[in-house]
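Everything on this sheet refers to the single structure shown next.
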Amino acid sequence: MSVTGDDVAKALGHMDEDGEFITEVQQEKEEMSKFDEIIEVVLEHEGGYVNDPKDPGGETNFGIAKRSNPDVDIKNLTKAEASLIYKTKYWDKNKVESLPEELWHIYFDCCVNMGKSRAVKILQQAANGKGANIDVDGGLGPNTLKAISNVELERVRAYRVKYYADLVTRKPDLEKFYFGWYRRALEV
C-alpha cells in the first residue's frame, strides 16, 4: 500500500478535499472530529511494534497486523499511516457512523480488536439481552441497526468483557492478554 503525504494530510484533517492545507488557526477553530478523538485512544491501546508469537494478531504496529495488511511495512509504519488505514479499513468500511453515536467508540474499538463480525455479534447479543429477538450472525443489517438503537454502552461493554472471558476459557494460552483486554473494554 502506497500512502502519499496528501493522503495522510486529508485523512488527518490537515488538507481539505480540494487539496488546500488547513492552517493551524483554521484547525483550532474546527471541532476535533469524533474519529480523531477515538483514534487517539485506539492507538494508545494498540501501542507500538509487537511481534509476539502467542498474539493472535501476529506482527503488529499501532494494532495494524501484517496478516491483514501484507503489503504494509509494519515495522516502519507511522502513526499517521496507521490512522489512515484505520479510517478507511475500519471506520468507513465498518459503517461506524450508521450506529448510535454513543456506540461509535466501542464498536470501532471492537472492530479493530476482534474484527467486524465479532463486534456485530457482541452488539446483537447485547440487544437480545435487552429483549430484542435478532439472529446473532455478525451482519450489520437493518434489523441489527434497529435492535441496537436503544442499547446502552454499559450493556455492550458487559457483553464484550464476557466475550473475552469466554475466549480465555476456551484458549487458556491467551490468558496473558486477558487483563489488558478487560481494562481496554472498561475504558472504551
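The residues in the range 50-71 that are over 20 Å from residue 35 (Cβ atoms) and either part of a loop (DSSP other than H, G, I, E, B) or over 16 Å from the mean Cα position of the chain (by Cα) (or both) can be counted, and the count is 14. Restricting the first member to the range 172-184 and to residues that are farther than 18 Å from residue 110 by Cβ, and the second to residues that are modelled with pLDDT of 95 or more, the beta-carbon pairs closer than 8 Å and six or more apart or on different chains are 175/168. Screening residue 114 on (1) among the hydrophobic types (A, V, I, L, M, F, W, C); (2) modelled with pLDDT under 95; (3) in contact with a helix residue (DSSP H, G or I) (Cβ under 7 Å, 6 or more places away or on another chain) shows it passes everything except condition (3).
Quick one: is residue 106 farther than 22 Å from residue 182 by Cα and β-branched (Val, Ile, Thr)? Steps first, please.
Values: farther than 22 Å from residue 182 by Cα: no; β-branched (Val, Ile, Thr): yes.
It is false that residue 106 is farther than 22 Å from residue 182 by Cα and β-branched (Val, Ile, Thr).
Checking each residue in the range 103-120 for being surrounded by fewer than 22 Cβ atoms within 10 Å (Cβ to Cβ) and farther than 18 Å from residue 184 by Cβ picks out only 117.
Can you say whether residue 133 is among the polar types (S, T, N, Q), more than 21 Å from residue 61 (Cβ to Cβ) and assigned to a helix (DSSP H, G or I), as far as the supplied structure shows? No. Taken together, the residues in the range 49-85 that are within 22 Å of residue 183 (Cβ to Cβ), modelled with pLDDT of 90 or more and surrounded by fewer than 12 Cβ atoms within 10 Å (Cβ to Cβ) amount to 0. Listed by first and then second residue, the pairs with beta-carbon distance under 7 Å, at least 6 apart or on different chains, first residue in the range 47-72 and more than 17 Å from residue 88 (Cβ to Cβ), second surrounded by 18 or more Cβ atoms within 10 Å (Cβ to Cβ) and among the polar types (S, T, N, Q), are 48/61; 49/61; 50/60.
The values are calculated or read from the model by the stated rules, or taken from the named source; none is laboratory data. In this text, all values refer to a predicted model and were calculated from it rather than measured experimentally. All Cβ positions, even for glycine, are placed from backbone atoms using ideal geometry, and neighbour counts span all protein chains on display.
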